[in-house]
Amino acid sequence: MSPMIDRILDEVRGAWRFRWMALAAAWALCLIGWIVVLSLPDMYQASARVFVDTRTVLRPLLEGLAINSDVDSQLNMVRQAMLGRPQLERVARETGLAQRAITPQELSVLIDKLRARIQIMGGAQEENRQSSGGLFVISYQDSDRDMSLKVVDKLLNTLVEGTLGGKREGSENARKFLREQIADYERRLSEAEQRLAEFKKRNVGLMPGGQGGDYFTRLQNEMDLVKQAEATLQVTISRRDELRRQLQQAVPFVATTPGGAVRPATPGQPGVAVGVGGGDTASRIQETQSRIDDLLLRFTERHPDVIAARETLEQLKQRQKEEIEALRRGDRVAGGMATNPVYQSIQLSLNQAEVEIAALRGQINDRQRTVKELRALVDTVPEVEAEFAHLNRDYDVTRAQYSALVDRLERARLSEEAEETGGILRFEVIDPPASSYTPVAPNRPQMLAMVLLLGLGGGGGIAYLLHWLRPVFNNARSLAEVTGLTVLGAVSMTWLDKRKSEQRVRQLAFAGGAAMLVLVFAGVFVFRGAGSQLLRGLIG
């Protein structure tokens, strides 16, 4: 046998000397423990389940139109507030639980126990859901079954009313803030509009055009237009000079034969055309008069086109007189005279060139006058434009902010109306507050068995403690180990028959005492319900 086992057996033999004291201690510990366990009050658990649904049909329809509120944060905030001391004190007062406390210290202890017994489980975060809401389970344990139902019902109402009421209060506060901001920005917008209108009145004629750009852009545009008009004028003058040269070389009239046929021109002698002298000029006079009438419907007498047309008309009338005189002088020539069409075409182009030159000169004068006016305002207009841009920028920023606030107010109104109709958040009570008539705590069978084991262990511990305080040598080996001396021999004790009988009786009595302890445990285990009621009745 190993030394370790020998040592353990020696310790057990030494503690066995105090077995009666160990048995008495075990009896005392078990009886006290069983009485305590049986006197513990029964705990009833009430629970309720509620489902918070945020994935309603109306929610996707309001996407982008209403404010997306964080329902999950609201639920977590209400959940934490439900376990706060102010809310728990309110629950204790409204359910009558606060009547169990007399002093403030007792009320504080009662609130701490109430918080420890309340359990709120579930929600989107615990269920690993992508959306807010989820299934919530609220439970509470109390020695009074009706009280547990009252507390759970109050907590359930707090969860529903706190979430909805908090959202309504938050929406109302948001709308109040938005209304105040809108009124403030409306005042700012009105002031900005008034400043802009007064600035426009003070600077009439100096404001930048809608499409003309700023001052320097308009000045450059006018200068470019002057250059373009001058270049066009030079081209037109060159064309006019060329027409004058051609007109000087052309023959105004040609001779006609008596039969009206055109006589080809010969070198040094014009050709002869068919017709009555002056007939073509008369038709051109009529056309020119018609053109003047048409121009007067659109322009005044001082318009360049009207003036040029009247000059052409006078020239045609003068030419008609000359033709008539020429025809009168040409009675001696057979066939008479007719107007040269080439000459007339050159004359008409010349007249049109003169009109274009007059128009271009007037346009150049106007453009140059505009450039001169803009140059005179070189120190004033840029400052006016800069101030105007600043006022416009302030006005645009204020109007944009005002429009954004109005839009948010409308979205907040839609959100509140949707919440009132239950379109955003919906509470569905799956299981109303309920409690079983069977208590859920304490677990008396387990506790009774633990008391028995603790009693037996405690008795054995007391026996070993007494052995340690009053040790003995059970054999020669242990004596030699302790003293370090050689034991030469040992004398064994011889018991008489009478002593042996007494020893057997004591052993039977000890076994009976231990067995009785187990039997008492069995009785307490079987009749634990009645025993608990009896003890609590005696204590109460």
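The values are calculated or read from the model by the stated rules, or taken from the named source; none is laboratory data. From a predicted model like this one, the values you see are computed outputs, not experimental measurements. Neighbour counts run over all protein chains shown; Cβ positions are idealised from the backbone, glycine included. Side chains are part of the model used for accessible areas, which takes the heavy atoms of the whole protein and leaves out ligands, DNA and RNA. Shrake-Rupley method; radii C 1.70, N 1.55, O 1.52, S 1.80 Å.
Screening the stretch 40-71 for residues that are open to solvent by less than 30 Å² (accessible area, probe 1.4 Å) and either at pLDDT 70 or above or of a type in the set (D, E, K, R) (or both) and picking the one that is farthest from Glu410 (Cα to Cα) gives Asp42.
Only one entry of Phe199, Phe216, Phe177 meets the criterion of being at pLDDT 80 or above and of a type in the set (Phe, Trp, Tyr), and that entry is Phe177. Selection of the stretch 473-530 for residues being touching an Asp or Glu at 6+ places or on another chain (Cβ under 7 Å) and modelled with pLDDT under 75 yields only Asn474.
Residue pairs whose Cβ atoms lie under 6 Å apart, sitting 6 or more positions apart in sequence or on different chains, and linking a residue in the stretch 430-452 that is within 15 Å of Arg145 (Cβ to Cβ) to a partner that is assigned to a loop (DSSP other than H, G, I, E, B) and not hydrophobic (A, V, I, L, M, F, W, C), are Pro439/Asp42.
A count restricted to the stretch 437-461 and to residues that are aliphatic (A, V, I, L, M) and open to solvent by 40 Å² or more (accessible area, probe 1.4 Å) stands at 6.
Within the stretch 81-122, the set of residues being closer than 17 Å to Tyr44 by Cβ, open to solvent by less than 80 Å² (accessible area, probe 1.4 Å) and not in a helix (DSSP H, G or I) comprises Gly96, Ile118. Consider the stretch 462-511 and keep the residues that are in a helix (DSSP H, G or I) and among the small types (Gly, Ala, Ser). The one that is farthest from Trp27 (Cα to Cα) is Ala480. Regarding Trp34, is this residue at pLDDT 85 or above and either β-branched (Val, Ile, Thr) or open to solvent by less than 40 Å² (accessible area, probe 1.4 Å) (or both)? Taking the combined requirement at face value, the residue satisfies it. Within the stretch 462-503, the residues that satisfy the criterion of being free of Cβ contacts under 8 Å to residues at least 24 places away in the same chain and open to solvent by less than 80 Å² (accessible area, probe 1.4 Å) are Ala476, Leu479, Ala480, Thr483, Gly484, Val487, Gly489, Ser501, Glu502, Gln503. Check whether at least one residue in the stretch 369-378 is outside any helix (DSSP H, G or I) and either modelled with pLDDT under 85 or of a type in the set (Gly, Ala, Ser) (or both), and report yes or no. Yes; the residues of the stretch 369-378 include at least one that is outside any helix (DSSP H, G or I) and either modelled with pLDDT under 85 or of a type in the set (Gly, Ala, Ser) (or both).
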